[in-house]
Amino acid sequence: PYHLRFSPDMKWFVTAANRFNHIDIYRWQPEQAEAPMQLVQRIAASRTPSHLMIDSRSSVVYASIQDSDELMAIDLATQQPRWKIPVGKMPADVFLTPDDRLLLVALTGDEVVEVYDVSGAMPRQVKRLKTAAGAHAFRARGDGRHVFVSNRVANSISQIDLQTLEVTAEYAAPGGPDCIEMLADGKTLLVT
């Protein structure tokens, strides 16, 4: 698997098998020591499912489909796709706002983050937010208001204000920054 997520309720474990073009949903059963994960559903995806995000209610998983320029939502209760839509060039990481209403999609093949309202039956694009070339991976700042996105081509990190949907700071990050992690101190950002 390329990317994996546990649901907030620790009931589901979801993987994106990007070389095999599918998304696997496992039921997490830690009480069964010999088989703690049971494959429940394998969902075919277009070319290269990449990054995953599960909402706070453990009801839906969002997946970027990188080489098909698509975004998919999968219902975890039924283990079936809810919808699939076209998005910008080479979508990578996805990030949900704390209220589960807005989904941010980093476009590695562009210099923007697309923002979708996913509160209805179908998503609706609300903004294309210019960050920098190669927008790739998100990490929450931990203050409930800001999120960072790495910009692989531009060698930078952008800070996005989730209330205004604007870039409020830029940080140099030489070497093509990929994944990032914020330490508990709220001051230290680790960059790969």
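The values are calculated or read from the model by the stated rules, or taken from the named source; none is laboratory data. All values reported here derive from a predicted model rather than from experimental measurement. Quick reminder, even Gly has a Cβ in these numbers, built from the backbone with ideal geometry, and neighbours come from all protein chains shown. Ligands, DNA and RNA are stripped out before the accessible areas are found, and what is left, the full protein with its side chains, is counted by its heavy atoms. Shrake-Rupley method; radii C 1.70, N 1.55, O 1.52, S 1.80 Å.
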Report summary line: When A133 is run through (1) part of a strand (DSSP E or B); (2) surrounded by 15 or more Cβ atoms within 10 Å (Cβ to Cβ), the failure sits at (1)
Query raised in the report: Looking at (1) out of contact with any strand residue (DSSP E or B) (no Cβ under 6 Å at 6 or more places or on another chain); (2) hydroxyl-bearing (S, T, Y); (3) touching a residue at least 24 places away in the same chain (Cβ under 8 Å), which is the only condition S119 fails?
Result: (3)
Report summary line: Residue pairs qualifying under the 9 Å Cβ cut-off, at least six apart or on distinct chains, with the first in the stretch 30-51 being touching a residue at least 24 places away in the same chain (Cβ under 8 Å) and more than 15 Å from Q66 (Cβ to Cβ) and the second being in a strand (DSSP E or B) and of a type in the set (V, I, T), are V40/I25; Q41/I23; Q41/I25; Q41/I74; I43/I23; I43/I25; I43/I74
Query raised in the report: Would you say V87 is within 23 Å of H136 (Cβ to Cβ) and either open to solvent by less than 20 Å² (accessible area, probe 1.4 Å) or more than 12 Å from the chain's Cα centre (by Cα) (or both)?
Result: yes
Report summary line: By residue number, the members of the stretch 149-185 that are open to solvent by less than 20 Å² (accessible area, probe 1.4 Å), of a type outside the set (A, V, I, L, M, F, W, C) and under 18 Å from S50 (Cα atoms) are S150, N151, P177
Query raised in the report: How about the stretch 42-60: which of its residues are closer than 22 Å to D178 by Cα and within 16 Å of the chain's Cα centre (by Cα)?
Result: T48, P49, S50, H51, L52, M53, I54
Report task. Please enumerate the residues belonging to the stretch 29-77 that are of a type in the set (G, A, S), open to solvent by 10 Å² or more (accessible area, probe 1.4 Å) and under 15 Å from K89 (Cα atoms). Result -> S46, S68
